């Protein structure tokens, strides 16, 4: 009976650790973490997903190639927030996000425009590695998407994946 209770307790501990925490509930704020709520982007998005270390570790085990597995193993958090058919207010807040990031020390590494769609990539370096990066896509009336990837990401790994982020 004691082994069964211990096994159940361990299973519950693992499942609890694997559940995504809201950003405000994180015990510490790692370098590279964007507080999306403080940026003025409202909650209630079509997609709002946070993956912590447990989920990322599981993904790295299932990655099909060594480069992706190595990259995923160094990450702490991945947070995605997406708004489908965003209001003008959400678009305006998103358009101000690059300036907010740059004021906080993030470096814009890319800005591409295709018709009305804007793609911004900002990175934050810490001791020679990319501590985190933010990918922002703004397509007024269609989509606003923000992805924040946090963790120790060596620039060489990003280049191997086709992401030239060298802040």
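A few points about this structure:
- Spans of strands (runs of 3 or more DSSP E) in segment 32-126 with at least 3 residues in contact (Cβ under 8 Å) with a residue 24 or more places away in the chain and within 12 Å of residue 146 (Cβ to Cβ): 47-51, 75-84
- Residue 137 without any contact (Cβ under 8 Å) to a residue 24 or more places away in the chain, surrounded by 16 or more Cβ atoms within 10 Å (Cβ to Cβ) and more than 12 Å from the chain's Cα centre (by Cα): yes
Let's see how each residue does on (1) surrounded by 13 or more Cβ atoms within 10 Å (Cβ to Cβ); (2) modelled with pLDDT of 75 or more:
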| position | (1), (2) |
| --- | --- |
| 15 | no, no |
| 23 | yes, no |
| 28 | no, no |
| 41 | yes, yes |
| 54 | yes, yes |
| 69 | yes, no |
| 84 | no, yes |
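- Test result for residue 144, more than 12 Å from the chain's Cα centre (by Cα), surrounded by 14 or more Cβ atoms within 10 Å (Cβ to Cβ), touching a residue at least 60 places away in the same chain (Cβ under 8 Å) and part of a strand (DSSP E or B): yes
The values are calculated or read from the model by the stated rules, or taken from the named source; none is laboratory data. Note that the structure is a prediction, hence the values are computed from the model and not measured. Reconstructed Cβ throughout: ideal geometry from the backbone, glycine too, with neighbour counts over all protein chains shown.
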